[in-house]
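Here's the structure we're looking at; comments come further down.
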Amino acid sequence: MKSVLSIIGLVILGALGGIAIFTPAPYDPHERVSAPFQPPSPQHWLGTNDIGQDIFSEVVHGTRTSLLVGVVAATLAILLGVVVGVTAGYAGRSVDTLLMRVVDVVLVVPFLPLMILLGAYLGPSLITVIAVIAALMWARPARVIRSQVLVLKNLAYVEAAHAIGGSFWHLLRRHIIPAIVPLAMAQLVTVASSAILIESSLAFLGLGDPVQKSWGTVLYYAQARGAFLTGAWVWWVLPPGALITLSVLGFALVGYALERRSNPRLRHH
Amino acid sequence: MTVKLASYALVLLLAITLNFLLPRLMPGTPLRFFVGDDVALLSQESIQELMAQHGLDKPLWEQYLRYLWQLAQGDLGYSYQERQPVLTVLLERLPWTLLLTGTALLLSTTIGIVVGALAAWRYGSAFDALALSLFVLLDSMPSFWLGMILIALFAVQLGWFPIFGAQTPWASLTGWEYLLDILKHLALPVLTLTLTTISGAFLVMRSAMLGVLGEDYIRTARSKGVSEFGVLYRHALRNGLLPVTTVFMINLGFLVSGATVVETVFSYPGLGRLLYEAVLQRDYPLMQGAFLLITLSVLAANLVADLLYSRIDPRVRV
């Protein structure tokens, strides 16, 4: 059952990655290539939108944007989380207390409203979206990694390495980093899952990058033009949303499997 | 408790400071964030005058103190699109958000607890597997997408529910008819929000109950001849419930974020929709006010949950 789920997750992610990398978009998603509001046809598999752009091409293009934002934002968030988590766990005392206070603060902030506010001031661009997601998503990974470092620090072989004069960098490279990599990977995949959901929400609210269309952007226009009031929702609203759901699910399933692997105590439940 | 309080106070101060700094640190004149884009059309004299009126010609620290003092008096600035004080606009919208998120929070927590407990009790059964997959799938759906589908199916095609808003405009209904109208408008947004936030309470309740059901005192109760119903509801549920308060708090953050997009889809006149409208119209004072009030509500709800937790679990001293 458990391994089946992680395989499903991997298959989903593989398929989406395949779409992003190998599927050519038949048209330029920014070009008006046909009459507006066309139903699906052999030329336009998912019909056309309100200004005659090919929806299938938009969705393929959106796959690239959404996956890119998810992976890059998650990587940045995890790097920050690892630095904070290792520092807090290793240094202990007041440094630890201070950093964990900051983590508590970040965790309580209502993140979507904050992102909307920042997006409105900084202007809609992919860089802004990635930076804001990373700046708000590092806190939970930092906490998880800190507690792992706390456990590691007290293990006999790490204490021994410290006692015979191993420097901080030596301990870090030889003992701490290798032990937290699996955990960080699990967190990375989990954060990527939330990042994709958040990016799509921001784009849906009209705060996405207008040049780099994502799945959320397609839905933003579908909503603004009232696609769900007509039959158009079947080919205009369903496909991009289904892809968001699949990618979030795919990352979540893989993250869940990795987490179990990196934390043997969880295996029994 | 003092630590918790201090950290909430810090969050509030940070939100306030962010609100203060954002318009003042952006390139260009900060005035456009106070009176709108019309600032480009104004003469040099009126710009000077308006800068002085908003205190923008003073040193930054003096502006900050002035800003805090205004906030303390409930002055959140003036919305140049709505042509009303920001606080007035916010207070008009707040009840709708409270109604929407409150109902959804109650439903998603209750259903999550009941189904989670049942799933743990029948661990590994078809019911358990079904509930688990369903809630994980729902958790992956963007709430605005689910909302759009529900509108297309139940409001447009079947016509069971209204398409937008919180009440029928110009209907001037009274009594039961008014209540029914409100409930009909509330149904789909609440359903959307509930379905997409249920998994938190469900997953935590399920794993907590799995832990509790393996305890010795449960076996003792069973061997005493307590019925299965009694074991589940009188013995296991009590301890299994403890971590759910934590979920309650986590859910709250998600609910507030979820409400922002769900209110937008359904044109529901709450704070989230207001934030969206303010962004569309570049109404910065209104944006900031909505953000501040949302943050304040989340913090207040967290505080209440903390207090409740210490009541339920005597081991926690706050």
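Assuming R0 = 35 Å, can you tell me the calculated FRET efficiency for the pair B:Leu98 and A:Arg260, based on Cβ-Cβ distance, to the nearest 0.05?
Plugging the Cβ-Cβ distance into 1/(1 + (r/R0)^6) gives 0.35.
Distance from the Cα centre of the stretch A:145-174 to that of the stretch B:40-109, in angstrom?
51 Å
Using modelled backbone amide H atoms (1.01 Å from N, in-plane), which distant-in-sequence or interchain residues come within less than 5 Å of A:Tyr27's amide H?
For A:Tyr27, whose amide H was placed from the backbone, the distant partners under 5 Å are A:Ser57.
Under a plain spin-label model, where a point goes 7 Å from the Cα along Cα-to-Cβ, how far apart in nm are A:Val11 and A:Arg174?
4.5 nm
How much of the accessible area of the stretch B:47-189, probe 1.4 Å, is carbon plus sulfur, in whole percent?
Heavy-atom surface of the stretch B:47-189 belonging to carbon and sulfur, 1.4 Å probe: 68 percent.
Probe radius 1.4 Å, ligands and nucleic acids left out: can you give me the accessible area buried at the A-B interface, summed over both chains, in Å² to the nearest hundred? Walk me through the numbers on the way to the answer.
Values: alone 13990 and 17820 Å², together 27780 Å².
Looking at A and B, the buried total is near 4000 Å².
Which order do A:Leu117, B:Leu307, B:Leu41 take by accessible area at a 1.4 Å probe, largest first?
Correct descending sequence by accessible area is B:Leu41, B:Leu307, A:Leu117.
Please work out whether the stretch B:91-316 counts as rounded, prolate or oblate from its C-alpha gyration tensor, where a ≥ b ≥ c are the square roots of the eigenvalues and a/c under 1.5 means rounded, while otherwise a/b larger than b/c means prolate and anything else oblate?
Prolate, because a/c is 1.5 or more and a/b exceeds b/c.
Residues of the stretch B:263-302 that become at least 50 Å² less accessible with every protein chain present than in their own chain isolated, using 1.4 Å: which are they?
Residues meeting the cut-off: B:Tyr276, B:Val279, B:Phe291.
If the viscosity is 1.306 mPa s and the temperature 10 °C, what translational diffusion coefficient in µm²/s does Stokes-Einstein give for the stretch B:2-75 when Rh comes from Kirkwood over Cα pairs?
The estimated diffusion coefficient comes to 115 µm²/s.
On average, how much area does the Cα convex hull of the stretch A:135-269 cover when viewed from any direction, in nm²? Before the final figure, lay out each step's value.
On the way: hull surface 45.2 nm².
If I average the Cα hull's projected area over directions, I get 11.3 nm².
Starting from the Cα gyration tensor of chain A, multiply each eigenvalue by 5, take the square root, and state the resulting semi-axes largest first in whole Å.
Here the semi-axes work out to 42, 20, 14 Å.
Could you give me the ³J(HN,Hα) list for the stretch B:89-94, computed from phi with Karplus coefficients 6.51, -1.76, 1.60 and θ = phi - 60°, whole Hz, x at Gly and Pro?
These are the phi-based 3J(HN,Hα) values: 4, 4, 5, 5, 8, 3 Hz.
Compute the Cα gyration tensor for the protein assembly as shown, then decide on rounded, prolate or oblate, letting a ≥ b ≥ c be the square roots of its eigenvalues: rounded whenever a/c is under 1.5, prolate when a/b is larger than b/c in the other cases, and oblate in all that remain.
Judged from the Cα gyration tensor, the protein assembly as shown comes out rounded (a/c under 1.5).
Starting at the first residue of the stretch A:23-37, write each ³J(HN,Hα) from the Karplus equation 6.51 cos²θ - 1.76 cosθ + 1.60 with θ = phi - 60°, in whole Hz, x for Gly and Pro.
6, x, 6, x, 10, 6, x, 9, 8, 7, 10, 7, 5, x, 6
Rolling a 1.4 angstrom probe over the protein heavy atoms, how many square angstrom per residue are accessible across the stretch B:91-316?
That works out to 45 Å² for each residue.
Taking θ as phi - 60°, what are the ³J(HN,Hα) couplings along the stretch B:115-121 by the Karplus curve (6.51, -1.76, 1.60), each to the nearest whole Hz, with x for Gly and Pro?
For the stretch B:115-121, the Karplus-derived couplings read 5, x, 5, 5, 4, 5, 5 Hz, x marking Gly and Pro.
Give me the one-decimal nm value for the distance between modelled label points at B:Arg32 and A:Leu229, 7 Å along each residue's Cα-to-Cβ direction.
In this crude label model, B:Arg32 to A:Leu229 measures out at 3.3 nm.
Could you pull out every one of the lysines with an alpha carbon less than 16 Å from that of B:Lys184, ignoring same-chain neighbours closer than 8 positions?
Those lysines meeting the cut-off do not exist here.
Can you spot the aspartates and glutamates whose alpha carbon is less than 13 Å from B:Lys4's alpha carbon? Ignore those fewer than 8 places along the same chain.
Once the sequence-local aspartates and glutamates are set aside, what remains near B:Lys4 is A:Asp104, B:Asp306.
Give the accessible area for B:Met26 in Å² (nearest 10); use a 1.4 Å probe, count only protein heavy atoms, and leave out ligands, DNA and RNA.
40 Å²
Under the classification rounded if a/c is under 1.5, otherwise prolate if a/b is larger than b/c and oblate if not, where does the stretch B:90-147 fall, given a ≥ b ≥ c as square roots of the Cα gyration tensor eigenvalues?
Working: a/c = 5.98, a/b = 2.05, b/c = 2.92.
Since a/c reaches 1.5 but b/c is at least a/b, the shape of the stretch B:90-147 is classed as oblate.
Given H placed on each backbone N at 1.01 Å, which residues far from B:Gln84 in sequence or on other chains put an amide H within less than 5 Å of it?
Under 5 Å from the amide H of B:Gln84: B:Ser79.
To the nearest 0.05, what FRET efficiency results for A:Ser125 and A:Ala163 with a Förster distance of 60 Å applied to their C-beta separation?
Computed FRET efficiency for A:Ser125 and A:Ala163 comes out at 0.75.
What residues have an amide H closer than 5 Å to that of A:Asp50, excluding those fewer than 5 places away on the same chain, when H is modeled at 1.01 Å from N in the peptide plane?
Placed amide hydrogens put A:Phe37 under 5 Å from A:Asp50.
Could you pull out every one of the aspartates and glutamates with an alpha carbon less than 19 Å from that of B:Lys224, ignoring same-chain neighbours closer than 8 positions?
Straight-distance partners of B:Lys224: B:Glu215, B:Asp216.
At a 1.4 Å probe radius, which order do B:Glu92, B:Glu49, B:Glu82 fall into by accessible area, largest first?
Details: B:Glu92 110, B:Glu49 130, B:Glu82 65 Å².
I get B:Glu49, B:Glu92, B:Glu82, largest accessible area first.
Give me the one-decimal nm value for the distance between modelled label points at A:Thr75 and A:Asp28, 7 Å along each residue's Cα-to-Cβ direction.
2.9 nm
If r is the Cβ-Cβ distance from A:Val181 to B:Ser133 and R0 is 30 Å, what FRET efficiency results, to the nearest 0.05?
Details: r = 30 Å, r/R0 = 1.00.
Taking R0 as 30 Å, the efficiency between A:Val181 and B:Ser133 is 0.50.
Can you find, among B:Gln70, B:Ala9, B:Leu50, the residue farthest towards the positive end of the dipole of the stretch B:2-75? Put +1 on the C-beta of Lys and Arg, -1 on that of Asp and Glu.
B:Ala9
Just reorder A:Phe22, B:Phe127, A:Phe204 by solvent-accessible area, largest first, 1.4 Å probe, all chains present.
Greatest to least solvent exposure: A:Phe22, B:Phe127, A:Phe204.
Accessible area per residue for chain A in Å², computed with a 1.4 Å probe and the full protein assembly in place, what is it?
That works out to 44 Å² per residue.
The values are calculated or read from the model by the stated rules, or taken from the named source; none is laboratory data. These figures come from a predicted structure and were not determined experimentally. Ideal geometry is used to build each Cβ from the backbone, glycine not excepted, and the neighbour counts take in all protein chains shown. Each accessible area value is taken on the protein alone, full model and side chains, heavy atoms only, with ligands, DNA and RNA left out. Shrake-Rupley method; radii C 1.70, N 1.55, O 1.52, S 1.80 Å.
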